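Nothing in this text is a laboratory measurement; each read-out follows from the coordinates by a stated rule. Only a predicted model underlies this, so the values are computations on that prediction, with no experimental measurement involved. Glycine also receives a Cβ, built like all others from the backbone with ideal geometry; neighbour counts cover every protein chain displayed.
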Amino acid sequence: MSEPKNLLLVCGTSVATSTVVREKLKKELPKRDVNIGTLTKAKVTEAPSKAKSGSYDLIVATTSLDQDRFDIPVITTQAFMTGIGEEEVIDEIVETLQAS
């Protein structure tokens, strides 16, 4: 199996939407042979400092982030809340993680 991947899950308050994203990814990524290290939730205001720790491979955000502030890939999506395009976003996450 591949090296564990650590994801930072960002939403406005780090409560509801990031929890939905975490649970979905916890279920779906192993089915696609992604070895999950950590799935850490964060508020949008915490994202820059957490990302600078160097501990994360990818940020998945449910709210707008200034991608220029991060040295790691950022995927912004509402698909996990609406269900629309969810499979495509999971594919994008897997492809991004496999490239890192």
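Values as computed for the structure displayed
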| quantity | calculated |
| --- | --- |
| Cα-derived Rg to Rh of the chain, Kirkwood definition | 0.92 |
| Which of Phe80, Phe70 has the fewest Cβ neighbours within 10 Å, and the rest in rising order | Phe70, Phe80 |
| Whichever aspartates and glutamates have a C-alpha closer than 15 Å to that of Lys52, once near sequence neighbours (fewer than 8 apart) are set aside | Asp66, Asp68, Asp71 |
| Segment 90-98 - phi-based ³J(HN,Hα) in whole Hz, Karplus 6.51/-1.76/1.60, Gly and Pro as x | 4, 4, 5, 4, 4, 4, 5, 5, 5 |
| Estimated 222 nm signal from helices in the chain, with DSSP H stretches of n ≥ 4 weighted -39500 (n - 2.57), rounded to 500 | -10000 deg cm²/dmol |
| Distance from segment 1-35 to segment 62-100 (C-alpha centre basis), Å | 11 Å |
| Most positive-pole-ward Cα, Thr82, Ser18, Gln67, against dipole of the chain from beta carbon charges | Ser18 |
| Reach of Lys31 by Cα under 16 Å, taken over aspartates and glutamates that are not fewer than 8 positions away in the same chain | Glu3, Glu23, Glu86, Glu87, Glu88, Asp91, Glu92, Glu95 |
| Computed magnitude of the charge dipole of the chain (debye, nearest 20; Cβ of K, R +1, Cβ of D, E -1) | 500 debye |
